[in-house]
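Take a look at the structure below.
None of the figures in this text is laboratory data; all of them are computed from the coordinates on show. None of the values given here were measured: they were computed from a predicted structure. Cβ sites come from the backbone with ideal geometry, for glycine too, and all protein chains shown count toward neighbours.
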Amino acid sequence: MIVTTSGRPDEQLIQTARQIAETLDASFQKRNKRAVGDFKKAAQDHVIVVGKNRMELHFLNEESPLFFHPNSAMFRIKRLIKGESDPFCDACNLQSGMTFLDCTLGLASDSIIASYVVGDRGLITGVEGSKFLAYLVEKGLKQWETGLLSLDDAMRRIKVLFGDHLTYLKSCEDNSFDVVYFDPMFEETIEGSVGIQPLKNIAKYSTLESETIKEARRVAKKRVVLKDHWKSSRFERFHFKVNVRKSAKFHYGVIELT
């Protein structure tokens, strides 16, 4: 992985980029007016571009970079403020003060919603298997400003951990979290889902195993929830009760523990 800066960096930005490269065990290279494509071609590797307002991850064989953005969480929270329902919140039965473990954090969209609902008395922890994605999202959650104070506060409260979710689950005590949540890469491809295409280049494809669900049931106090493609075999395999949503391309499965 190469780390460089945006086009016209000052010394502070260069130092920041150097620190990021050291943290990620990557190689820092000065921009020197070179195009990002030139870095990728020369190194045959991905490139992180550090700017004053955001970081971008440019993949070797992709045109569009990946960067943190609250994404759908913004309009979902606006709907919640209006008193509308959210299928994810309903599946998890989220309430103020609850603890929530997101085992497949990704870009943290669902964790942001969870954080907003459980409030400052709750606790949100997200585990991400990609070192670079975990770093990108952790920084984004701390720095991004949406102009909506309740959303910004929700992002700041999320604890991001880099690691394997099964390993983390094994380290947890019984009933550590009210809800344990999984949103793995779908077994079936959803046509038109171009928004997640850059994410596929860096996401860790950890399959859900019986041991994972067993540990999740031990760690969860109230519910284990799985978001998956409506055709997924994992719902039946792991005995999730499916919340069927007509015309929806994905469903939520629930294992009720209390």
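Can you classify the range 58-156 as rounded, prolate or oblate using the Cα gyration tensor, where a ≥ b ≥ c are the square roots of its eigenvalues, rounded means a/c under 1.5, and otherwise it's prolate if a/b beats b/c and oblate if not? Cα axes put the range 58-156 in the prolate bin.
If the elastic network links every pair of Cα atoms under 10 Å, which of LEU208, LEU169, LEU101 fluctuates the most in the Gaussian network model of the chain? With Cα springs under 10 Å in the chain, the top fluctuation among LEU208, LEU169, LEU101 is at LEU208. Convex hull of alpha carbon positions in the range 2-58: directionally averaged projected area 3.4 nm².
Scoring 219-229, 81-91 by mean Cβ neighbours within 10 Å over their residues and listing the highest first yields 219-229, 81-91. In the range 1-116, one over the average inverse separation of all distinct C-alpha pairs is 16.6 Å, which is the Kirkwood hydrodynamic radius. I need the shape label for the range 98-174. Rule: rounded when a/c is under 1.5, else prolate if a/b > b/c, else oblate, with a, b, c from the alpha carbon gyration tensor. Verdict is oblate for the range 98-174.
If you take all other residues with their beta carbon under 13 Å from the beta carbon of LEU60, and give Lys and Arg +1 and Asp and Glu -1, the sum is -2. Mean residue ellipticity at 222 nm, helices only, the chain: -10000 deg cm²/dmol; runs of at least 4 DSSP H residues each add -39,500 (n - 2.57), and the sum is divided by the number of residues. Candidate values (i) 0.94; (ii) 0.99; (iii) 0.96 were compared with Rg/Rh (Cα atoms, Kirkwood Rh) computed on the shown model; the agreeing label is (ii).
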